[in-house]
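Here the structure is laid out as structure tokens; the discussion comes afterwards.
The values are calculated or read from the model by the stated rules, or taken from the named source; none is laboratory data. Because the structure is predicted, anything quoted here is derived from the model rather than measured. Because the Cβ atoms are built from the backbone with ideal geometry, glycine has one as well, and the counts that use them run over all protein chains shown. The accessibility values were calculated without ligands, DNA or RNA, using every heavy atom of the protein model including side chains. Shrake-Rupley method; radii C 1.70, N 1.55, O 1.52, S 1.80 Å.
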Amino acid sequence: QVQVVESGGGLVQAGGSLRLSCAASGFNFNANTMGWYRQAPGKQRELVVAITSGGRTNYADSVKGRFTISRDNAKNTVYLQMNSLKPEDTAVYYCNTGPYGSGSWGQGTQVTVSS
């Protein structure tokens, strides 16, 4: 059984930073692409960034230069460092265990950026 748990969300002022964590288990973590997605109220879920097993990354244009994904295979954990946060980054952030959102989802963690 796959378990995916996001953490690290919270309330932050515009321009601030947050670091999200995704702890995943129940599959071969080292072999999987992992991704961060977000969903704002009334909107569809969208890709933020993905990272392959080899460390290749794909960022949404809206977060390039501000967000950084990393993975620690020894800890079965993926991180999302979010800097220079904007109010439009406000959303529930979800972790997925496969490419293009094809894997298992976590419960999400709320990120709220105030102006």
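Things to note:
- Here region 1-102 exposes an accessible surface that is 46 percent carbon and sulfur, computed with a 1.4 Å probe and the other protein chains kept in place.
- Normalised per residue, the accessible area of the chain is 51 Å², obtained with a 1.4 Å probe and no contribution from ligands, DNA or RNA.
- Computed from phi, the 3J(HN,Hα) profile of region 95-100 under the Karplus parametrisation 6.51, -1.76, 1.60 (θ = phi - 60°) reads 9, 10, 9, x, x, 6 Hz, with x in place of Gly and Pro.
- Note on the chain: with a GNM built from Cα contacts shorter than 10 Å, the maximum mean-square fluctuation among ALA91, ALA24, ALA14 falls on ALA14.
- Computed over region 1-55: relative contact order in percent, which uses C-alpha pairs under 8 Å that are six or more apart: 28 percent
- Amide H contacts of VAL48 (H built 1.01 Å from N, under 5 Å, at least 5 apart or other chain): TRP36, TYR37, ARG38
- In a fully extended conformation the segment linking ASN83 and ALA60 would gain 6.8 nm over its present Cα-Cα distance, using 0.36 nm per residue.
- Whole-number percent relative contact order across the chain, with pairs defined as alpha carbons under 8 Å at least 6 apart: 37 percent
- On the principal axes of its alpha carbon atoms, the chain extends 41, 25, 22 Å, with the longest extent given first.
- Average Cα contact separation per residue, region 55-108, under 8 Å, 6 or more apart, as relative contact order %: 21 percent
- Label positions at SER102 and LEU11, each projected 7 Å from the Cα along the C-beta direction, are separated by 4.1 nm.
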